Amino acid sequence: MLLAAATGCSGPPAYDIPEKPCRRSIDPEALKPLLPEGGTVTTRIGEDDDVSFRCDMSIKGEIIRIWELRDQSHFDMVDHAMRRYTRSDPMESQVPGDSVIADGVFVSMNPCPARGEKSNYILEITTTQSPSKAKESREALEAFAASYLPEGLKAMGCTQ
């Protein structure tokens, strides 16, 4: 009986992720590595208007903040992020667009052609993980951003 109870708790952590957290279709497998073990993901929508959207997903006090902006003028996002996140060891990301990954931060600028040739979409994803955990989860953050970006572009009216 004791063995059964012990082995019953050794499986993968259980997550309760809403079907469309942050009103977006999010790949739960891409999100899980960024979350602490087990629990329920709660969401809170912040800004939500014609040009910006912000949503916090939290579990056990850790937060993943997604901030989207559209209709932005183009600027050198890589240069900007390299200066802004110097303490977080920023580097260019392989995610499409002008993208940077750093410890606990992903930021990207992509064209928003459906809104006009001078319109750009910015996606920023930040985590409140400890510095050591944020460094360890850079790959996971980048993978989550890559899976989120097409859905964000679509939701903000940048693609069909």
Counting only residues that are more than 19 Å from V41 (Cβ to Cβ) and crowded, with 17+ Cβ neighbours inside 10 Å, how many does region 125-134 have? 0
Could you list all residues from region 84-105 that are out of contact with any helix residue (DSSP H, G or I) (no Cβ under 8 Å at 6 or more places or on another chain) and either closer than 25 Å to P36 by Cβ or among the hydroxyl-bearing types (S, T, Y) (or both)? Y85, T86, R87
Residue check for T126: hydroxyl-bearing (S, T, Y), within 12 Å of the chain's Cα centre (by Cα) and within 27 Å of I17 (Cα to Cα): yes
Evaluate the following for I59: is it within 19 Å of L31 (Cβ to Cβ), hydrophobic (A, V, I, L, M, F, W, C), touching a residue at least 12 places away in the same chain (Cβ under 8 Å) and loosely packed, with under 14 Cβ neighbours inside 10 Å? no
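Quick grid of which residues meet (1) under 19 Å from I26 (Cα atoms); (2) in contact with a helix residue (DSSP H, G or I) (Cβ under 9 Å, 6 or more places away or on another chain); (3) not small (G, A, S):
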| residue | (1), (2), (3) |
| --- | --- |
| F75 | no, no, yes |
| M82 | no, no, yes |
| V107 | yes, yes, yes |
| R138 | yes, no, yes |
| L141 | yes, yes, yes |
| E151 | yes, no, yes |
Would region 135-142 turn up any residue that is hydrophobic (A, V, I, L, M, F, W, C) and surrounded by fewer than 22 Cβ atoms within 10 Å (Cβ to Cβ)? yes
Note on region 81-114: residues outside any strand (DSSP E or B), open to solvent by 60 Å² or more (accessible area, probe 1.4 Å) and either without any contact (Cβ under 8 Å) to a residue 24 or more places away in the chain or at positive phi (or both) are M82, R83, R84, T86, R87, D89
Filter region 40-56 for residues that are in a loop (DSSP other than H, G, I, E, B) and surrounded by 12 or more Cβ atoms within 10 Å (Cβ to Cβ); which is modelled with the lowest pLDDT? V41
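The values are calculated or read from the model by the stated rules, or taken from the named source; none is laboratory data. Being a predicted model, the structure only gives us computed values, none of them experimental. Note that we place each Cβ from the backbone using ideal geometry, even for glycine, and neighbour counts take in every protein chain shown. Ligands, DNA and RNA are stripped out before the accessible areas are found, and what is left, the full protein with its side chains, is counted by its heavy atoms. Shrake-Rupley method; radii C 1.70, N 1.55, O 1.52, S 1.80 Å.
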